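Have a look at the structure below, then the notes.
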Amino acid sequence: MSDTAKANREYLDGLLARYPELRKRLAQALLIELHGRGIASIDAIHREAHERRGVPLDHAGAGEPNAPMALSWDEAEQAAMHAIVLERAAAAFDREELEDVVNLTRKREEAQSLQEIANLSAVSFGLLAERVRAFCALPVGRTTLSEEESVATRVALIRQFVSDQLEFLGVAKGYLRIRDFDEVVDHIVGSAEGSGRIGGKGGGLLLGAKILQVEMARDPRAPAVPFAVPETFFLRSDILEDFLRINGLQHLQDQKYKDPAAVATDYPMILQLFRNADWPPAVVEGARGILARVGDHPLIVRSSSLLEDRFGTAFAGKYRSVFVCNQGDADRRLNELLGAVAEVYASTLHPDPISYRRRHGLLDYGENMAVLVQKTVGRRVGDYFLPVWAGVGFSHNPWRRNPRIRPADGMARLVFGFGTRAVDRVAEEFPRVVPLGLPTLRPEVKPEDVVRVAQKQADVIDLAAGRFVTLPVGEVLAAGAAFPGVSQVFSRFAHGHLRELMGDGLVEGAGDLVVTFDRLAAGGRWPAFLRWALQTLERAYGCPVDIEFACDGDTFHLLQCRPQARRREQAPVHLPAAIENERRIFSANRDVITASVHGIEYVVLIDPRDYNRLATDDRRLAVAQAVHRLNGALAGRRFILMGPGRWGSKDLRMGIRVGYADIDNTAMLIEIARAEGGYVPEVSFGSHFFQDLVESEIHYLPLYPDEPGVVFNDAFLRGGANALVRLLPGAGDLAEVVRVIHVPVAAAGRLLNVDMDGDSQEALAYLAPPAR
């Protein structure tokens, strides 16, 4: 035996002394390797084992078609063969080759053990995490488990840690690897004895990031940009159950069965109970661990319900996300973090998610809320912390303001500062909407129009004040002389012209700067990456997707990924040709989707001319409350809502402040812009409010009654009897603002139909006999 063979044999003997349980598996693997390379066949080694033992081979039955083709080896035979295999392998292979076989054998052993544990119906997080770490501690080496050997283990881990939804599993098992769960378990908070998942938002982020990382390395067409995911910690879904139990609050899980009005009344009380509740010791310890790892970096606490961001149910904006400034001493930071988690937990009992669950048949499904604690993306500018730009992206863009726009190219909504302003409906400003196939295309032509609709306010974290605030863009810019990427976002408006910035310095001051994203759109790099990323994710998911993202000026960070809510495919709609003028109620000629809403029995109208005369916010809030009550009173009836400016706006001057639970029964939502009112509808595709409309099949239409050629039948809409008091006794003081038309009464038994043709960009509402 050569010196190399002796050294190799000593290596193998030493290994088996440490891991005796590997002897059989390792001998099998080495035997297969020897046989496969033609060094020694299995039969030859079998014969040699018998020769060394002095026992002749039994050939009885050889050649008989019904005799066994092979005989089982007894223990003595196995021991003799194992010794020969180790001897032959030590002589035939070099150390690196032996280490490859050993490493692969150990991976198979650990993967099999991990799979068996992960498939148990009730396995503790501590045990499962231990087995994940044991596998991941093995050297990566040059050999890997085959797809067939590892897929069952990966599926079992995805089920335990993320989701058991078959659609998600079908995509995730193709991308997530066993080693990906090492970092996941390292970032999970919860007791070792418990078991739970990281929820829909956590799973979507994990999968979306992995898809992009894999495909960026694989696809030569992928634009080269710095890409990352912010460090994220996961509070498991089972913590909510422990939280409710130790505080005696389990009965609140029955809130979902209460009347919607009672749910709304109880919610403020529930929020206070949760904010002032006690915490399981493991959660307090885990929260301290998070803060020790992130230091004083600002955080965001986000919901990650098991129902959220799934195929079929997005729950967009239904649960709370809370920014945590994370400044001050350790106790203050801990209380702030736990208070934010409590708010997320309480939001499971808010009227909006409960109404959403009721509408989608999910009320009886147990609510299991995981929570993400995520480092915010951005940089410090003076006392403020914010991303340079952020937003949302959609792989399918159904709004074609221009026939050159291809829906398959996708679109993005971009804002300066935190992306909350990209998903919320705000005041008289707009995010920059970028059709990714034609990124420089925008509806405004004149510079003054661009300035008028440009973003005026930015959402930031005020580190000195310790809170999340909305500030004028100029005030934020005045806090810092320069920061990377600012020239991508801003243009300078002077002498009636918009000019791009020459660099990222703001030495001339911020007074003339306007949020345009012109350089970003024209540069090609970021729109190209967004388009590639969205199309790549859509291919992997097998359906359109939407994402949330933020950029610190240098690096693109993925924040969220989920299947995109889409309307059902609509057959082509053609407007009726011969409708008498008296039967025409309203029409539209821009921002029209393709859909039909027929058989409308009630029209609820809040005309901007009436709403604009309301003198106080209390009166405007009373209108919003009347809408909420009408939504309940007309449940089961076919009705539409028509109101000023922007439904769901946070600014009461610009529209009626309503949430999902206030409008979820309507068939259609219409926004009216009057020339004298200053109300501007926003086709806010991509906002959480709009996602609600899409998922609930509530059709949207903007109206511009004062434009030439547009129909708005005042005689019908404002001149008839008002059914408000009949439906809402005691609401008579709002009858001059909130008008309810009972269509069959006002139109001699006819009903209202609305046909919308997205191809021709025409819509018409007209009276017609009931369908038979």
Query raised in the report: Helix 260-275 sits at what angle to the longest principal axis of the chain, using alpha carbons and giving 0 to 90 degrees rounded to 10?
Result: 50
Query raised in the report: Mean shadow of the stretch 141-235, computed from the convex hull of its alpha carbons, in nm²?
Result: 7.6
Report summary line: The percentage of Cα-Cα pairs in the stretch 95-159 separated by more than 14 Å is 57
Query - Linear extension gain, Arg467 paired with Asp186, 0.36 nm per residue minus alpha-carbon span - result: 98.2 nm
Query raised in the report: On average over all directions, what projected area in square nanometres does the stretch 362-509 have, based on the convex hull of its Cα atoms?
Result: 12.1
Query - Proximal aspartates and glutamates relative to Lys650, as straight alpha-carbon distance under 17 Å, when same-chain residues fewer than 8 apart are discounted - result: Asp352, Asp424, Glu428, Glu429, Asp459, Asp617, Asp618, Asp662, Glu671, Glu682, Asp692
Query raised in the report: When N counts the residues of the stretch 216-348, how does its alpha-carbon radius of gyration compare numerically with 2.2 N^0.38 Å, as a ratio?
Result: 1.26
**Report entry** Projected label distance in nm at Ala571 and Met269, using a 7 Å step from Cα toward the beta-carbon
**Finding:** 5.1
Query raised in the report: Hey, what do the phi angles of the stretch 383-396 turn into as Karplus ³J(HN,Hα) couplings, whole Hz, using 6.51/-1.76/1.60 and θ = phi - 60°, x for Gly and Pro?
Result: 8, 10, 10, 6, x, 5, 8, 7, x, 10, x, 10, 6, 10
**Report entry** Cα→Cβ-extended label distance, 7 Å offset, between Glu21 and Val140, nm
**Finding:** 2.7
**Report entry** In degrees, nearest ten, helix 281-294 long axis to first principal axis of the chain (Cα)
**Finding:** 90
Requested in this report: Give the relative contact order (percent, whole number) for the chain; include only Cα pairs under 8 Å separated by 6+ residues.
Outcome: 10
Query raised in the report: Excluding same-chain residues fewer than 8 positions from Lys6, which lysines have a Cα within less than 26 Å of its Cα?
Result: Lys24, Lys107
Requested in this report: Using a cut-off of 10 Å between beta-carbons, work out the net charge of the residues near Leu463 (Lys and Arg +1, Asp and Glu -1, Leu463 not included).
Outcome: -1
Requested in this report: Evaluate the chain: find the radius of gyration of its Cα atoms, find its Kirkwood radius, and give the ratio Rg to Rh.
Outcome: 1.08
Requested in this report: State the extension gain, in nm to one decimal, for the chain segment bounded by Tyr257 and Tyr365, taking 0.36 nm per residue of separation less the distance between their alpha-carbons.
Outcome: 37.7 nm
**Report entry** Straight-distance crosslink candidates among lysines, where the alpha carbon sits under 21 Å from Lys210 and sequence neighbours closer than 8 are dropped
**Finding:** Lys173, Lys201, Lys375
Report summary line: Note: Arg452 to Ala479 extended length (0.36 nm per residue) minus current alpha-carbon separation gives 7.3 nm
Query raised in the report: What share of the DSSP beta bridges in the chain is antiparallel, in percent to the nearest 5?
Result: 80
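No lab work stands behind these numbers, since they all come straight from the coordinates. Note that the structure is predicted; figures quoted are calculated from it, not measured. Heads up, the Cβs are rebuilt from the backbone with ideal geometry, glycines too, and the neighbour counts pull from every protein chain shown.
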